Amino acid sequence: MFRSKLPSSQITPQNVYLSRRDFMKAAGIAGAGALLAACAPGSATESAPASPSADTPNSLEDITNYNNYYEFSTDKQAVAPLSKDFQTHPWDVEVSGLVNNPKTYAIEDLLKKFPQEERVYRLRCVEAWSMVIPWTGFPLAKLLAEAEPTSDAKFVRFEAVLDPEQLPGQKSPFYDWPYQEGLRLDEAMHELTLLASGLYGESLPNQNGAPLRLVVPWKYGFKSIKGIVKIELTDTQPSTLWSTASPDEYGFYSNVNPNVPHPRWSQSSERRIGELTRRPTLMFNGYEAEVAHLYEGMDLAKDY
Ligand SMILES: Nc1nc2c(c(=O)[nH]1)N[C@H]1C(S)=C(S)[C@@H](COP(=O)(O)O)O[C@H]1N2
Ligand SMILES: [Mo]
C-alpha cells in the first residue's frame, strides 16, 4: 500500500514516471488530449487540440500534503497524518437506483473489470488554489454503461463513506454526513469524468480519496468526491453536502467560472500550488472546448 512518508529510495519512481511521460509526449503517444481527439468525429487525421495534459504536474509531496478532506480535518496539512491508518479494505461500491443492472462491486473486482488509464488534469478548488494531478482511473461512463441507466434516470448521486470511528471529522455537527455529491447524467457520461483509483502510478493515497474518488476537472474541486461507496441513478437533482451546508455559496453545477465571484473568493485568478505569481482562472478550468456544449442555453452567470 501507499505510504505518505516515502523513503527517498521510493521517490525516484516519480522522476522516472515524469521522464516516461515526457518521452510519451515527445513521441505523440496518447495522453488525455489525444484520447479526446480520438473521440471527436473525423479527428483521426487532425492533430490533438491544445492538450489538457500540457501543464506540469505538481509534486507528489504537494499533492499528498495539501488536501481538503473534511472527514479527517478542515486543516489541509493535517489530513495526511490523520488519514494514514484509514482502512480501505474490504471496500464495496454499490451501483443502484434507476438502472437495469444494479450491482455491488468489491473494489478489487471493479478495478480489474475496467482498464485503468492515465489522465493528467488540473484541479481548481473553489478557494482559488489549483494543482495539476496525474491520475490513474477509468471513465465513469464505462461503469454507467455496464449499469444501464433506465430512461427515467437524469442524475447521478455519489455517496462517500460514513464511519465516525475512523473519520474524526464526522463528529462535527456542522455538516450533513456522509459527504454526497451529484452530476447530471450527461455530465457523468462525459469522457473527461473519471473514477480515479491512483495517482503518480501508485494506488490512491488515503488523503486523496482511497480507494475510489470522482474527478470532474471542469468543476470546482468539491464536486470531486472522495471515498465513494455508492453511485445511485436518480430522476431528481441530488442534494449535496455543500449546498445543504451553505446554499448561498454552493450550487449544484459549480462549473469553474472566472466571471462569477464566490461570496468569499473572487474566482478571476488562482494560486497554483508551488508557484509564486497568481494565474488567471480559465472558463471551465480550461476544458471549455470539451464541455461548453453541455450548458448551452443555461445562464452561466447564475451557475455557482
Ligand atoms: N469525501 C470528500 N471528498 C472531497 C472533499 C471532502 O472534504 N470530502 N473535499 C473536496 C474538495 S473541497 C477538494 S478541493 C478536493 C481536493 O482533492 P485533493 O485533496 O485530492 O487535492 O476534494 C474534494 N472531495
Ligand atoms: Mo475545494
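Results, tabulated for the structure shown:
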quantity	calculated
Qualifying residue in the stretch 241-252 (condition: away from ligand 2 (no atom under 16 Å from the Cβ), of a type in the set (Gly, Ala, Ser) and more than 20 Å from the chain's Cα centre (by Cα))	no
Odd one out for Arg213 among (1) of a type in the set (Lys, Arg); (2) free of Cβ contacts under 8 Å to residues at least 40 places away in the same chain; (3) more than 10 Å from ligand 1 (Cβ to nearest atom)	(3)
Residue match in the stretch 154-162 (condition: under 29 Å from Pro280 (Cβ atoms), within 16 Å of ligand 2 (Cβ to nearest atom), among the aromatic types (Phe, Trp, Tyr) and open to solvent by less than 40 Å² (accessible area, probe 1.4 Å))	no
Top-ranked residue in the stretch 134-151 [being open to solvent by 10 Å² or more (accessible area, probe 1.4 Å) and touching a residue at least 60 places away in the same chain (Cβ under 8 Å); ranked as farthest from ligand 2 (Cβ to nearest atom)]	Thr150
Looking only at the stretch 104-123, and only at residues there that are basic (Lys, Arg) and part of a strand (DSSP E or B), the one that is most open to solvent (accessible area, probe 1.4 Å)	Arg122
Residue satisfying condition, being within 25 Å of Lys84 (Cα to Cα), more than 10 Å from ligand 1 (Cβ to nearest atom) and either part of a loop (DSSP other than H, G, I, E, B) or at pLDDT below 95 (or both), within set Pro261, Pro247, Pro173	Pro173
Cross-chain or 6+ apart pairs with Cβ under 6 Å, the stretch 99-116 first and among the hydroxyl-bearing types (Ser, Thr, Tyr), then open to solvent by 50 Å² or more (accessible area, probe 1.4 Å)	Thr104/Asp92; Thr104/Glu94
Residues satisfying the stated conditions in the stretch 252-274, i.e. surrounded by 14 or more Cβ atoms within 10 Å (Cβ to Cβ) and free of Cβ contacts under 8 Å to residues at least 24 places away in the same chain	Ser268
Residues satisfying the stated conditions in the stretch 124-133, i.e. hydrophobic (A, V, I, L, M, F, W, C) and crowded, with 20+ Cβ neighbours inside 10 Å	Cys125, Val126, Met131, Val132, Ile133
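The values are calculated or read from the model by the stated rules, or taken from the named source; none is laboratory data. Just so we're clear, the structure is a prediction, and the values are computed from it rather than from any experiment. When we count neighbours, we look across all protein chains shown, and the Cβ atoms used for this are built from the backbone with ideal geometry, even at glycine. Heavy atoms of the whole protein, side chains included, go into the accessibility calculation; ligands, DNA and RNA do not. Shrake-Rupley method; radii C 1.70, N 1.55, O 1.52, S 1.80 Å.
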